[in-house]
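The structure under discussion appears below in the form of structure tokens.
The values are calculated or read from the model by the stated rules, or taken from the named source; none is laboratory data. Predicted model only: the values in this text are computed from it and were never measured. Here the Cβ is made from the backbone with ideal geometry for all residues, glycine too, and neighbour counts use every protein chain on show. Remember, those area values only see protein heavy atoms, side chains included, never the ligands or the DNA or RNA. Shrake-Rupley method; radii C 1.70, N 1.55, O 1.52, S 1.80 Å.
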Amino acid sequence: MPAPFENALREAMRLLGALALPLLGALLAAGLIAGFLQGATRVRDRSLSTVPRLLAVGAIVLVCGGWAATRLVAFSTSMFGTAIQVGKRR
């Protein structure tokens, strides 16, 4: 596999990890807190675990959405530039 494609895949995986970590961290924290509260109160309502997770993801999207969009635009610009350079070599 040519070097530009290897670099593109490596960068895509890094970006995927960077964008997924805040969401997964918020989901994990909300799930643990909801599970602890359900266990402490012995309330087994499904909405008590779903609603905090939805709120956590919504909050993370609001807080990190601009940063994520900036990273995605930078990555896309870089990939289009790489595609143009590879196309010129052929």
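Work out how much length S76 to V51 would gain on full extension: take 0.36 nm times their residue separation and subtract the Cα-Cα distance, in nm to one decimal. Show your work: numbers first, answer last.
Values: separation 25, 0.36 × 25 = 9.00 nm, distance 3.35 nm.
Here the segment from S76 to V51 would lengthen by 5.7 nm.
Over the chain, what percent of the accessible surface lies on carbon and sulfur atoms, probe 1.4 Å? Can you show the working numbers first?
Working: 4800 of 6780 Å².
Ligands and nucleic acids excluded, carbon and sulfur reach 71 percent.
Excluding P52 itself, calculate the net charge of residues whose Cβ lies under 13 Å from the Cβ of P52, where each Lys or Arg counts +1 and each Asp or Glu counts -1.
Working: positive: R46, R53; negative: D45.
Net local charge, P52 excluded: +1.
For the pair L9/F36, report the inter-label distance in nm, with labels modelled 7 Å from Cα in the Cβ direction.
If labels sit at L9 and F36, their model points lie 4.1 nm apart.
So, for the chain, what is the accessible surface per residue at a probe of 1.4 Å, expressed in square angstrom?
Working: 6780 Å² over 90 residues.
Per-residue accessible area for the chain comes out at 75 Å².
Taking the Cα centre of the stretch 18-90 as origin, sum charge times position over the Cβ atoms of Lys and Arg (+1) and Asp and Glu (-1), and report the length of that vector in debye to the nearest 20.
On the way: 8 positive and 1 negative charges, 69 e Å.
For this selection, approximately 340 debye.
Please give the calculated 222 nm ellipticity per residue for the chain, where each DSSP H segment of at least 4 residues contributes -39500 (n - 2.57) and the sum is spread over every residue; nearest 500 deg cm²/dmol? Display every interim value, and only then the final one.
Working: 2 runs with 82 residues, N = 90.
Using -39500 (n - 2.57) per qualifying helix, the result is -33500 deg cm²/dmol.
With labels modelled as points extended 7 Å from the Cα through the Cβ direction, what inter-label distance (nm, one decimal) is found for V86 paired with L21?
Result for the modelled spin labels: 2.7 nm.
Report the local net charge at M13: Lys and Arg +1, Asp and Glu -1, summed over other residues whose C-beta lies under 14 Å from its C-beta.
On the way: positive: R10, R14, R71; negative: E6, E11.
Residues near M13 contribute +1 overall.
For the chain, what is the relative contact order in percent, using Cα pairs closer than 8 Å and at least 6 residues apart in sequence? The partial results should precede the final answer.
On the way: 30 pairs, mean separation 34.0, N = 90.
Relative contact order comes out at 38 percent.
Let me spell out the model: positive unit charges on the Cβ of Lys and Arg, negative unit charges on the Cβ of Asp and Glu, origin at the Cα centre of the stretch 1-53. What dipole size does that give, in debye rounded to 20? Please report the intermediate quantities before stating the final value.
Working: 6 positive and 3 negative charges, 62 e Å.
Its charge dipole is roughly 300 debye.
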